1. Confirm whether Met148 is in contact with a helix residue (DSSP H, G or I) (Cβ under 8 Å, 6 or more places away or on another chain), closer than 30 Å to Arg65 by Cβ and not assigned by TED's automatic domain parsing to the domain that holds Ala312.
2. Determine which member of the set Ala178, Ala189, Ala171 is assigned to a helix (DSSP H, G or I), under 16 Å from Arg313 (Cα atoms) and in contact (Cβ under 8 Å) with a residue 12 or more places away in the chain.
3. Can you name the residue in segment 125-139 that is surrounded by 15 or more Cβ atoms within 10 Å (Cβ to Cβ) and not in a strand (DSSP E or B) and, of all such residues, is nearest to the chain's Cα centre (by Cα)?
4. Report the residue count in segment 95-127 for those that are under 19 Å from Val51 (Cα atoms), in contact with an Asp or Glu (Cβ under 9 Å, 6 or more places away or on another chain) and in contact (Cβ under 8 Å) with a residue 60 or more places away in the chain.
5. Within segment 88-139, take every residue that is touching a Phe, Trp or Tyr at 6+ places or on another chain (Cβ under 9 Å) and acidic (Asp, Glu) and give me the one that is nearest to Glu68 (Cα to Cα).
6. On the given criteria, is Val101 surrounded by 24 or more Cβ atoms within 10 Å (Cβ to Cβ), of a type in the set (A, V, I, L, M) and out of contact with any Ser or Thr (no Cβ under 8 Å at 6 or more places or on another chain)?
7. Among the residues that make up segment 194-216, is at least one of them outside any helix (DSSP H, G or I) and in the same structural domain as Gly307 (by TED's automatic domain parsing)?
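The values are calculated or read from the model by the stated rules, or taken from the named source; none is laboratory data. All values reported here derive from a predicted model rather than from experimental measurement. FYI the Cβ positions are ideal-geometry reconstructions off the backbone, even for glycines, and counts take in every protein chain you see.
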Amino acid sequence: MQLTLDMPGQYRAPTVVWKMAAALLALLLASIAAHAQDGTQVRPDDKDPVVVEGVSESDVFGIGRSVEVRGTIRKGVIAFGGDVLVLGRVEGDVASIGGSVIQGEGSYIGGDVLVFGGAYHHGKTAPARRAESMTVMYAGYEQELREMMRNPFSLLAPQWSLAYFAQRLLAILFWFIASLALTAVTPGAVSRAVARLRLTKVRVAVIGCLGVVVSTFGVVSCMHLLPVPVGVVLGIISLLLLVMAYIFGRVVIHAATGRWFQRRFLAEGKRSETIALLLGAGFWTLVLSLPYIWPAVVALLLVTSLGLTLTARYRLGWRQATN
């Protein structure tokens, strides 16, 4: 696994990132529609690459296939689950998910190069690139990403296997240990958050939704309006805060769920916080393993976690004051 980032001083945020996100969403929707029609997995035929000759004025996408550029592309080229072989001229960005970008001798890439899963090959000589262009390469899990891009519907319906079952057990163990550690470090904050979740579910959810919207559009706006170094720093800080909020919220949800199970099924003398955390971690890990519904569950957990984090400074009296 290798992460390479080559970013010169004068660099603007690449539009290829948004193109990749939109294309991934379209690919997933198309896969779902095809699966709903015939009930089979969608596996695009990638025996022959997409060959671009002459001049293309629009973006070129390879869905489950490699792309071979022999002519000129005025905009960009992206391959999902395949390689990009540039033998001609690409004036925009070049990206590949689950594949590699190969730039031949005498070819030209005017934009950025983004590779996730594979590598960027350009021979022994320096490639013909713009001085201000950027190269981002994450070398690792190429085969897994390739299969995922060829069959994105598998994201919604994970295959039950011994390895997947072992991963679920490790996930339960991880969240159980994380819940124990966070509860031991900040027992008061967790207890107050559990009480808020029980008494003000709707308000926590609304605040969480607003937080997701504001943070998402705020980070995107900052990356476009502010200088790139500042935008990148703000993006990293926002991502770290979101991860911390998700962990804190998950622990609170585990505790609340486990306590509810204990109240329903265990006598008062047999209840304990450790059992509650284990029950909560096991329940939500199981729910997140269910096909098709797990993305909605992740969204629900994220919104609730962010709402709990944003209301951490409030005590229970804030709800009663509004009544």
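1. Values: in contact with a helix residue (DSSP H, G or I) (Cβ under 8 Å, 6 or more places away or on another chain): yes; closer than 30 Å to Arg65 by Cβ: yes; not assigned by TED's automatic domain parsing to the domain that holds Ala312: yes.
Considered against the rule, which asks whether it is in contact with a helix residue (DSSP H, G or I) (Cβ under 8 Å, 6 or more places away or on another chain), closer than 30 Å to Arg65 by Cβ and not assigned by TED's automatic domain parsing to the domain that holds Ala312, Met148 comes out as yes.
2. Values: Ala178 fails: under 16 Å from Arg313 (Cα atoms); Ala171 fails: under 16 Å from Arg313 (Cα atoms).
Among Ala178, Ala189, Ala171, only Ala189 is assigned to a helix (DSSP H, G or I), under 16 Å from Arg313 (Cα atoms) and in contact (Cβ under 8 Å) with a residue 12 or more places away in the chain.
3. Keep residues of segment 125-139 that are surrounded by 15 or more Cβ atoms within 10 Å (Cβ to Cβ), which gives 127-129, 133-139.
Now narrow it down to the ones that are not in a strand (DSSP E or B): 127, 133-134.
Values: Pro127: 31, Ser133: 25, Met134: 22 Å.
Result: Met134.
4. The total comes to 1.
5. Filtering segment 88-139 for residues that are touching a Phe, Trp or Tyr at 6+ places or on another chain (Cβ under 9 Å) and acidic (Asp, Glu), the one nearest to Glu68 (Cα to Cα) comes out as Glu91.
6. On the way: surrounded by 24 or more Cβ atoms within 10 Å (Cβ to Cβ): yes; of a type in the set (A, V, I, L, M): yes; out of contact with any Ser or Thr (no Cβ under 8 Å at 6 or more places or on another chain): yes.
Judged against the criteria, Val101 is a match.
7. First, the residues of segment 194-216 that are outside any helix (DSSP H, G or I): 200.
Imposing the further condition that a residue be in the same structural domain as Gly307 (by TED's automatic domain parsing) reduces the set to 200.
Scanning segment 194-216 turns up at least one residue that is outside any helix (DSSP H, G or I) and in the same structural domain as Gly307 (by TED's automatic domain parsing).
For (1) exposed (fewer than 12 other Cβ atoms within 10 Å of the Cβ); (2) closer than 18 Å to Gly280 by Cα, each residue gets a yes or a no:
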site: Arg192; (1), (2): no, yes
site: Leu197; (1), (2): no, yes
site: Val202; (1), (2): yes, no
site: Leu234; (1), (2): no, no
site: Val252; (1), (2): no, yes
